[in-house]
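Chemist: Take a look at the following structure, please.
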Ligand code: SF4
């Protein structure tokens, strides 16, 4: 409850990169803090209230139709598939950034949804930095794309089913559960 206003960080995450794409690197925090807290507290502190996305999804509960989510959508298999997709995504991001940094391919300063669906426009840059290396811009757009894709899926699930349906299949949750299983 006390972290309810953290939903603002989710909103800011999608707005600030329109000022400068470097703000997209804040995504790293969402991928690292959950595990740091888990290591410190031996529990899913991030998922238990801090996570800005969860607070955002809870905040749009008034849009929720509230249909019962089908078992296949929130089941073990889907969690595994999504974890695999997340790992694949990170692999593509790493490989493509390396390729850009060694000059093999051009940086992609566009958003891609679900890895493959590229939008034909980049983000407006109110405060552009012309001297940014291509690989830095490329990686920032990849982080933004990952965050946008997963947030859009989370919103669709929140509207159709319960607000935090995304959390049942979220890769961060799946990894956290596995880490806890190993510790306990
Ligand atoms: S499961 Fe994912 S979206 Fe839900 S609270 Fe945890 S990190 Fe956030």
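Chemist: Can you tell me which residues in the range 40-49 are in contact (Cβ under 8 Å) with a residue 12 or more places away in the chain, within 13 Å of residue 6 (Cβ to Cβ) and surrounded by fewer than 17 Cβ atoms within 10 Å (Cβ to Cβ)?
Modeler: Result: 49, single match.
Chemist: Only one of 79, 112, 61, 142 is out of contact with any helix residue (DSSP H, G or I) (no Cβ under 7 Å at 6 or more places or on another chain), touching a residue at least 12 places away in the same chain (Cβ under 8 Å) and closer than 26 Å to residue 9 by Cα. Can you tell me which?
Modeler: Step by step, each of 79, 112, 61, 142 is checked, and only 61 is out of contact with any helix residue (DSSP H, G or I) (no Cβ under 7 Å at 6 or more places or on another chain), touching a residue at least 12 places away in the same chain (Cβ under 8 Å) and closer than 26 Å to residue 9 by Cα.
Chemist: Which of the helices (runs of 4 or more DSSP H) contained wholly in the range 83-184 include at least 2 residues that are under 21 Å from residue 34 (Cα atoms) and at pLDDT below 95?
Modeler: 171-183
Chemist: Show the residue pairs meeting these rules: Cβ distance below 8 Å; 6+ apart or different chains; first residue within the range 82-93 and in contact (Cβ under 8 Å) with a residue 12 or more places away in the chain; second residue outside any helix (DSSP H, G or I) and crowded, with 18+ Cβ neighbours inside 10 Å.
Modeler: 82/170
Chemist: So if I check each of 183, 159, which one is over 12 Å from the mean Cα position of the chain (by Cα), surrounded by fewer than 16 Cβ atoms within 10 Å (Cβ to Cβ) and either more than 8 Å from the ligand (Cβ to nearest atom) or closer than 20 Å to residue 15 by Cβ (or both)?
Modeler: 183
Chemist: Same structure, new question: The conditions are (1) touching a residue at least 40 places away in the same chain (Cβ under 8 Å); (2) within 13 Å of the ligand (Cβ to nearest atom); (3) assigned to a helix (DSSP H, G or I); (4) over 20 Å from residue 146 (Cβ atoms), and residue 37 fails exactly one of them. Which is it?
Modeler: (1)
Chemist: Looking only at the range 40-58, how many residues end up being within 11 Å of the ligand (Cβ to nearest atom) and either out of contact with any helix residue (DSSP H, G or I) (no Cβ under 8 Å at 6 or more places or on another chain) or part of a helix (DSSP H, G or I) (or both)?
Modeler: Number satisfying all stated conditions: 12.
Chemist: Oh, and also: Scanning the range 67-84 for residues that are more than 28 Å from residue 139 (Cα to Cα) and surrounded by 13 or more Cβ atoms within 10 Å (Cβ to Cβ), which turns out nearest to the ligand (Cβ to nearest atom)?
Modeler: 74
Chemist: Taking the range 16-34 as the region of interest, how many residues are closer than 24 Å to residue 126 by Cβ, outside any loop (DSSP other than H, G, I, E, B) and more than 9 Å from the ligand (Cβ to nearest atom)?
Modeler: Adding up the residues that qualify gives 12.
Chemist: In the set 114, 139, 152, 119, which member is at positive phi and more than 11 Å from the ligand (Cβ to nearest atom)?
Modeler: Result of the check over 114, 139, 152, 119: 114.
The values are calculated or read from the model by the stated rules, or taken from the named source; none is laboratory data. Everything numeric here is computed off the predicted structure, so don't read it as measured data. Here the Cβ is made from the backbone with ideal geometry for all residues, glycine too, and neighbour counts use every protein chain on show.
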